[in-house]
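S.K.: Handing you this structure, nothing more for now.
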Amino acid sequence: MECLSPKFKNRIKAILDSEKLVLATIALKGSGLIEEIKRRQDIKLFEMT
């Protein structure tokens, strides 16, 4: 549900655009914000099992 909130999306984008390192989890499947984050050039994804 939070992925539908413009305020949440803007805050996440601001955090990812900052100089700080971020360790986070993200859904395997999804569209919109989830896919946008996964396509970023500055993101490293690791699948944990």
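S.K.: Note the full-extension length gain between Ala24 and Leu4 as 0.36 nm times their separation in residues minus their Cα-Cα distance, in nm to one decimal. Each step should come with its number before you reach the end.
M.R.: Numbers: separation 20, 0.36 × 20 = 7.20 nm, distance 1.85 nm.
Gain on stretching Ala24 to Leu4: 5.3 nm.
S.K.: If we count every other residue with Cβ under 12 angstrom of Arg11's Cβ, Lys/Arg +1 and Asp/Glu -1, where does the sum land?
M.R.: After counting each charged neighbour, the total is +1.
S.K.: Here's another thing I want to ask about it. Between region 29-49 and region 10-26, how far is it from one alpha carbon centroid to the other, in angstrom?
M.R.: Cα centroid of region 29-49 versus Cα centroid of region 10-26: 12 Å apart.
Each value in this text was obtained by applying a stated rule to the coordinates, not by laboratory testing. Nothing here was measured: the structure is a model prediction, and the numbers come from that model. FYI the Cβ positions are ideal-geometry reconstructions off the backbone, even for glycines, and counts take in every protein chain you see.
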